[in-house]
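I have placed the structure first, in the form of structure tokens, so that the comments after it can refer back to it.
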Amino acid sequence: GQVPGNKPWVSVNLNQVDEAKLGKSFSQLASANSDNPTQALANLADVSDNVTKVGAATIDGTATTQYRATVDLTKEAAKVTAKDGAKAGETVTQEAQSLGTHTLPVEVWVDSNGLVRQVREEVPIPAASSGATNGSGAATLTMRFSNFGTPATLTPPPSSEVADITAQAVQQANASNG
């Protein structure tokens, strides 16, 4: 789709979208999930059958240890339900169903301070969601983290260049809860 008003930036109120989809606002979820970043492997172990140490690796010049695991989305849904409520847990279950899998491979690189430096996930893309008539594919998502504790300076774009698509996102969230 095209951005309303052909503007180069979009704005979405995540509190409203998450409230519609999960029954809690983004702020509530972020507060509830503000686990200590040094607990990443323990959190991963909670939703995986095993976490395997792969070995040493360097991420952006930082020495890390790489770990591999398979996230069990049934366990993730149970954990989310216990922490954030039934509606949030059901969303995880629905996502697993739409992906056509109950497991996701994940790799995590952790530095000597226990900080996650990189996460890589491989997520299946079912044929129906990609517009294909048969088969499927996968998307690899890699996130790198750095500059911990460094203040960030952000300059928002002028409001005349921003389209607020919160209403459309809330409508889509409500429709997906069907």
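The numbers here are math on the coordinates, done by the rules we state, and not lab data. The model shown is predicted, which means the values in this text are computed figures rather than measured ones. Note: ideal-geometry Cβ built from the backbone for every residue, glycine included; neighbour counts use all protein chains shown.
Observations on the model:
- Using θ = phi - 60° and Karplus 6.51 cos²θ - 1.76 cosθ + 1.60, couplings along the stretch 83-90 (whole Hz; Gly, Pro as x): 8, 10, x, 4, 4, 5, x, 5
- Database remark: amide H of residue 13 closer than 5 angstrom to the amide H of 166 (H placed geometrically; neighbours at sequence offset of 5 or more, or on other chains; Pro and chain starts carry no H).
- Here the gap between residue 162 and residue 16, fully extended at 0.36 nm per residue and compared with their Cα-Cα distance, gives a gain of 50.8 nm.
- Inter-label distance for residue 6 and residue 125, nm, one decimal - labels placed 7 Å from Cα along Cα-to-Cβ: 2.8 nm
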